[in-house]
Amino acid sequence: MNATRRQLLLGLALLPAASLLPRALTAAGPESGPDVQPETLETVPLVIHGEQGPQRLEVEVARTIPQRSRGLMERDQLAERAGMLFLYDRPQSSRNGFWMYRTRIPLDIAFIDEAGRIAEIHRMEPCTASRPGECPVTRPAVPYRAALEVNAGAFEAMGVVAGDCVSWPGGGGLCAGAPAE
């Protein structure tokens, strides 16, 4: 077997394993270094419906693999009432998680289920490791359809808790009993 065919077969054999890697591994290449400017993402209004009343945010939407892989890397700040919404075409396994490689600001992450309800909220601290594989991975205990990252402490300050419903244009917010706007 020649070297080219061997490399092709090895690549095909490893392809399923790549889907299990955290989001930032694919963004660790030269095309996403500190000198590369992030692409401009769509920004949409998002509302979290909870006991404290509706909480409004303006969020960037990461829909593609490269957008989700880059996430909030290399940012020095995130505006108050801002965040990033990671959207997926199908439910994600609880084995798929998020990490903070090359992310400079502490964040909270809410994992959002198929119905648009927050299943879990976790705190994530920046990872200062020089290699992505050395960063801890934050995984939910349940499958999720979307994830929302905001500044650390923002969910608590807004009174947002697991069970609250999240809505945004084009999807989400299908929760039964969510307060009407």
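The values are calculated or read from the model by the stated rules, or taken from the named source; none is laboratory data. Small disclaimer: the values here were computed from a predicted structure and weren't measured. We place every Cβ from the backbone using ideal geometry, glycine too, and count neighbours over all the protein chains shown. Keep in mind that these areas ignore ligands, DNA and RNA; they rest on the heavy atoms of the full protein, side chains included. Shrake-Rupley method; radii C 1.70, N 1.55, O 1.52, S 1.80 Å.
Please report the equivalent ellipsoid semi-axes of the stretch 111-159, computed as sqrt(5 x eigenvalue) of the Cα gyration tensor, largest first, in whole Å.
That gives 23, 16, 7 Å for the three semi-axes.
Kirkwood hydrodynamic radius (Cα pairs, Å) of the stretch 48-100?
Evaluated on the stretch 48-100, it is 13.1 Å.
If each residue of separation counts as 0.36 nm, what is the full-extension length gain between E125 and V161 once their alpha-carbon separation is subtracted?
My answer for the length gained is 11.0 nm.
What accessible area per residue, rounded to a whole number of Å², is obtained for the stretch 64-107 using a probe radius of 1.4 Å?
Computed with neighbouring chains in place, this is 48 Å² per residue.
Could you tell me the calculated FRET efficiency between E114 and R63, based on Cβ-Cβ distance and R0 = 22 angstrom, to the nearest 0.05?
Efficiency at R0 = 22 Å is approximately 0.80.
Counting only protein heavy atoms and a 1.4 Å probe, tell me what percentage of the stretch 87-174's accessible area is made up of carbon and sulfur.
51 percent
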